1. Using Cα-Cα distances under 8 Å and only pairs 6 or more residues apart, what relative contact order does the chain have, in percent?
2. With +1 on each Lys and Arg Cβ and -1 on each Asp and Glu Cβ, and nothing else charged, work out how big the dipole of the chain is about its Cα centre, in Debye to the nearest 20.
3. With axes computed from alpha carbons, what is the tilt in degrees of helix 57-69 against the longest principal axis of the chain, rounded to the nearest 10 within 0 to 90?
4. Hey, can you find the accessible area per residue of the chain for me, probe 1.4 Å, expressed in square angstrom?
5. Efficiency by 1/(1 + (r/R0)^6): what FRET value for ARG51 and ALA23, r their Cβ-Cβ distance, R0 = 22 Å, to the nearest 0.05?
6. Quick check on the chain: helices-only [θ] at 222 nm, where DSSP H runs of length 4 and up contribute -39,500 (n - 2.57) each and the sum goes over total residues. Nearest 500, please.
7. Quick one: pull the percent of accessible area on segment 1-72 belonging to carbon and sulfur, 1.4 Å probe, ligands and nucleic acids left out.
8. Suppose the chain between THR12 and ARG32 were pulled fully straight at 0.36 nm per residue; how much longer would it get relative to their current alpha carbon spacing?
Amino acid sequence: MSDATAAIDPETDVDAIVTRWPATARVFVRRRMACVDCPLARFESVADVCRIYRQPLDDLLAELRAVVAGPTPAR
């Protein structure tokens, strides 16, 4: 896990993630999570929004980290 992907953990604020890595906004939108531009995103962690939207935490973290890591190079 790179330093960037390690920076995303269950307690990371949603706003911090979307601000640092704007491409992660698509993950929340695709999952129909109204976190992007939500005023509470500054105060809600990834774990919080997973509870609110009944999303599996490990799956969301993996998807966010994959976006941050970028595309996998072709072999």
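1. Values: 73 pairs, mean separation 30.6, N = 75.
After rounding, I find 41 percent.
2. Values: 10 positive and 11 negative charges, 79 e Å.
Result for the chain is approximately 380 debye, rounded to the nearest 20.
3. 50 degrees
4. Details: 4970 Å² over 75 residues.
Normalised by residue count, the accessible surface of the chain is 66 Å².
5. Numbers: r = 24 Å, r/R0 = 1.09.
The computed FRET efficiency comes out at 0.35.
6. Details: 5 runs with 38 residues, N = 75.
The helix contribution divided over the chain gives -13000 deg cm²/dmol.
7. Solvent-exposed carbon and sulfur of segment 1-72 make up 53 percent of the total.
8. 5.3 nm
The values are calculated or read from the model by the stated rules, or taken from the named source; none is laboratory data. Only a predicted model underlies this, so the values are computations on that prediction, with no experimental measurement involved. As a convention, Cβ positions derive from the backbone with ideal geometry for all residues, glycine included, and neighbour counts pool all protein chains shown. In case anyone asks, the SASA skips ligands and DNA or RNA and just uses the protein heavy atoms, side chains included. Shrake-Rupley method; radii C 1.70, N 1.55, O 1.52, S 1.80 Å.
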